[in-house]
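Nothing in this text is a laboratory measurement; each read-out follows from the coordinates by a stated rule. The structure presented is a predicted model; accordingly, all values stated were derived computationally and were not measured. Cβ: placed from backbone, ideal geometry, glycine included. Neighbour counts: every protein chain shown.
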Amino acid sequence: MNKGTDSKHIIIGGGSGFIGRALTMALRARGDVVTWVSRDAGDDRLTWQDIAQHGLPACDVVINLAGKHILDMSRRWTKSYRAEVISSRIETTNILVDAINASSTTPTVFISTAGKCFYGSQAFRASEQYFDLDEHSAPVGVDFPAELVSMWEAAADRIDTAKVRHAKLRFGIVLSSRDNEYSKRRSKIGARGIFPMLQAIFQRGLCLSMGAGVQPFPWVHIDDVVGICLQAIDNPDMRGIYNAVSPGIVSNNDFTKLLARKLNKSVLGHVPGWLIKAVVGAERSTILLLGQRVKPTRTQESGYVFRFPKLEACLDDLLALNQKRSQI
Ligand SMILES: NC(=O)c1ccc[n+]([C@@H]2O[C@H](COP(=O)([O-])OP(=O)(O)OC[C@H]3O[C@@H](n4cnc5c(N)ncnc54)[C@H](OP(=O)(O)O)[C@@H]3O)[C@@H](O)[C@H]2O)c1
């Protein structure tokens with residue numbers, strides 16, 4: 001299966017998604033062999049049924065990135081959507097964990113992923129008072145996204161750590177402007193993350209922060225997400241939780257001001273919280289209206305050096321990429 005002595009076979013659940021495609025590109029560029037686990041059959045893919053029925057093929061690494069997008073604006077927040085958001089994470093994780101635990105040719109590492117929502121929404125506890133949280137912190141408030149992450153991580157924690165190293169990544173809001181063939185077929189948010197949509201809105205002059213705007217905006221550049229995943233694959237000492245969130249966290253107001261300035265626009269004000277709740281539903285509105293001051297303490301201690309530790313450099317990079325694209 002491997003192409004060379006150092007080349008690895010990496011199985012990625014949900015590899016066809018926004019983060020999975022960026023990671024796949026980086027892995028293939030360095031000579032690794034990548035197989036996606038997907039709902040759809042195809043080249044270099046296995047389906048979830050294949051794994052559940054026949055077990056895991058020989059591989060070195062398993063990563064799970066599968067999950068129905070929680071902020072799909074094209075869908076109303078209904079019971080069935082909520083159930084799909086949960087099952088798409090728990091059932092896929094269960095299939096991979098059961099297959100790894102039962103496998104006789106166990107991979108070296110299992111990387112499970114979730115979100116910074118694990119820490120809950122701090123403003124539930126102390127309105128507008130945000131303090132630093134890191135991988136050592138317990139959740140500070142319980143809302144639906146925090147409950148979801150906690151169920152998702154509990155499913156991943158069933159992995160037999162006597163057989164396989166387990167690294168748990170918690171992603172912040174992933175910013176990218178990379179384009180690919182996929183983004184032409186899917187909704188913008190699912191294809192390239194939230195940034196291209198925000199840029200398009202701001203470019204129309206609608207530079208607005210969300211609700212009070214004081215809530216933290218725990219962003220991370222896609223290159224750092226890929227970099228942290230590669231390090232979690234390669235570094236045999238990486239076990240346990242790692243926040244994939246930039247150390248240069250800002251508030252939603254500061255993000256709004258900086259992006260507006262970069263686009264030569266003025267900030268108009270705020271989208272009122274009640275309107276956001278009415279549009280996206282109260283349960284998922286906490287993702288936009290509240291937040292977590294999440295720090296990547298263990299990630300940095302592991303030796304990972306962020307390529308984009310500051311928001312300004314991140315925005316310059318993303319906007320330059322978009323400008324180059326529009327000139328082609
Ligand atoms: N992007 C972010 O800013 C961010 C932030 C925090 C956490 N995360 C988490 O990180 C993971 C990867 O993020 P992403 O942005 O790359 O996700 P994505 O592009 O929205 O989706 C990843 C993959 O999940 C699979 N999927 C979608 N709905 C599914 C369902 N109902 N059942 C089973 N599989 C389903 C799809 O693969 P197939 O179509 O091939 O089946 C899709 O390509 C997600 O779990 C997400 O919650 C992302």
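Computed quantities for the displayed model
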quantity: At 1.306 mPa s and 10 °C, Stokes diffusion of the chain via Kirkwood alpha-carbon radius, µm² per second; calculated: 78 µm²/s
quantity: DSSP beta bridges in the stretch 9-320 [antiparallel fraction, %, rounded to 5]; calculated: 5 percent
quantity: Relative contact order (percent, whole number), the chain, Cα cutoff 8 Å, 6+ residue spacing; calculated: 18 percent
quantity: Computed helical MRE - 222 nm, the chain, DSSP H runs ≥ 4 contributing -39500 (n - 2.57), nearest 500; calculated: -12000 deg cm²/dmol
quantity: Label-point separation in nm, Asp254 to Arg30, each point 7 Å along Cα→Cβ; calculated: 3.1 nm
quantity: Efficiency of FRET between Met197 and Gln129 - r from beta-carbon atoms, R0 22 angstrom, step 0.05; calculated: 0.15
quantity: Global geometry of the stretch 33-163, whether rounded, prolate or oblate, following the gyration tensor of its Cα atoms and the 1.5 cut on a/c; calculated: oblate
quantity: Restraint check, Lys262/Lys295; Lys8/Lys163; Lys8/Lys116; Lys68/Lys116, Cα-Cα greater than 21 Å; calculated: Lys262/Lys295; Lys8/Lys116
quantity: Efficiency of FRET from Cβ geometry, Arg261 and Lys79, R₀ 25 Å, rounded to 0.05; calculated: 0.05
quantity: Arg204-Asn101 FRET efficiency (beta carbon distance; Förster radius 51 Å; 0.05 resolution); calculated: 0.50
